Amino acid sequence: MSLGPLASRSRGRDMHEIAFSFGGNVGDTASILRNSMLQLVDQLPLTAPESSSFYITVPWGVLDQRSFVNAVLIGKTARSPFDVLNFCLEVERCNGRHREAKWGPRTLDIDIIYYGDLSVETGALILPHPFALERSFVLVPLLELRPHASLRGQSCKKSLEALAGVVGEDPPVAALPPLQFER
């Protein structure tokens, strides 16, 4: 499924590393995540894409629901963070995402973790992601790809260590290998 000719507007612009967190717990979640990652890579587009392993994780926020599958995708884009956000929302919608309950069950959730070193705070978008340092299901796959990552001036590794033993922050379990991209 194509969501439009977004690639044509990115020529000649600076590339920025961008990281996404993918998650879901409704339907064939691993397939939905894989297909959504491929959509972002192909249609946004993203260059030099890297996928983390896919992790089985406990729910965050609302605990009385199925386990989630989570992964991180990192790549480079020339699209603006707001264009990327709108694209992600459309990919979610096309995959059956309904925003009925905050932190509730969903087919797909795509969050932008960071966009280069950019700091943004609007009603629609906050970068880096405001809860990334509080979520092991984001930190573990992010650290798999970027072992020395930091967000908001804080080490992601130290933030993950601080979550050890926190109720509801069971460590994610790797269940599926990373998605491989053609080079």
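The values are calculated or read from the model by the stated rules, or taken from the named source; none is laboratory data. The model shown is predicted, which means the values in this text are computed figures rather than measured ones. Positions of Cβ are backbone-derived with ideal geometry, glycine not excepted, and every protein chain shown enters the neighbour counts. Please note that ligands, DNA and RNA were not included when accessible areas were found on the heavy atoms of the full protein model with its side chains. Shrake-Rupley method; radii C 1.70, N 1.55, O 1.52, S 1.80 Å.
The listed residues are PRO45, PRO59, PRO49, and the only one of them that is out of contact with any Pro (no Cβ under 8 Å at 6 or more places or on another chain) and part of a strand (DSSP E or B) turns out to be PRO49. The residues of segment 71-102 that are closer than 23 Å to ILE56 by Cβ and assigned to a helix (DSSP H, G or I), listed by number, are CYS88, VAL91, GLU92. The residue of segment 103-158 that is farthest from the chain's Cα centre (by Cα), among those that are basic (Lys, Arg) and part of a loop (DSSP other than H, G, I, E, B), is ARG152. Here ASP83 passes the criteria (1) loosely packed, with under 15 Cβ neighbours inside 10 Å; (2) of a type in the set (Asp, Glu); (3) more than 23 Å from GLU144 (Cβ to Cβ) except the one numbered (1).
The test for being touching a His at 6+ places or on another chain (Cβ under 9 Å), aliphatic (A, V, I, L, M), open to solvent by less than 70 Å² (accessible area, probe 1.4 Å) and at pLDDT 95 or above holds for LEU151.
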